[in-house]
Amino acid sequence: MLYVVIPVLVVVALLVGGMVLLKRATAREIDQSNRLQNADRPTLRYEVPPGQDPAVVVNALTSEGYDASPDSEPGPSSPIVIIGRADGRAPDRNAVRATLTLLDETNIDPPTSGPVERGRVRFLDE
């Protein structure tokens, strides 16, 4: 009987721990998105070109030190990415534009999908 109870308790403990970690990660993402969408904070809005996943853009911008999050409106698959800075100042348009210009990954199978066709990088307020 003890041989059955111990593995069941371990599995239950792992499931509870996983749920707690998932909840924390989700809360962190929501907080970041809310912070970026605050009307007082200067941000840029970038429309992701067709064929490119917003997650690729967010990852590239985050690795360059920017706060970036997909826009929560109109839905979770929105092709708009909100870009800000961790210190609350306005992001440098030219630096962000340079980062986005170099980004041509799709996160789809690159040999079959090819590079993303994009014109000049423009933000929604331009």
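All of the numbers you see were taken from the coordinates with simple rules; none came from a lab. Owing to the predicted nature of the structure, the values given are computational and were not obtained by experimental measurement. Cβ atoms come from the backbone with ideal geometry, glycine included; neighbour counts cover every protein chain shown.
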Quiz item: If you add up the charges near ASP125, with Lys and Arg at +1 and Asp and Glu at -1, over every other residue whose beta carbon is less than 12 angstrom from its beta carbon, what do you get?
Solution: +1
Quiz item: Label TYR3 and ARG97 with points 7 Å out from Cα along Cα→Cβ: what is the distance between them in nm?
Solution: 7.1 nm
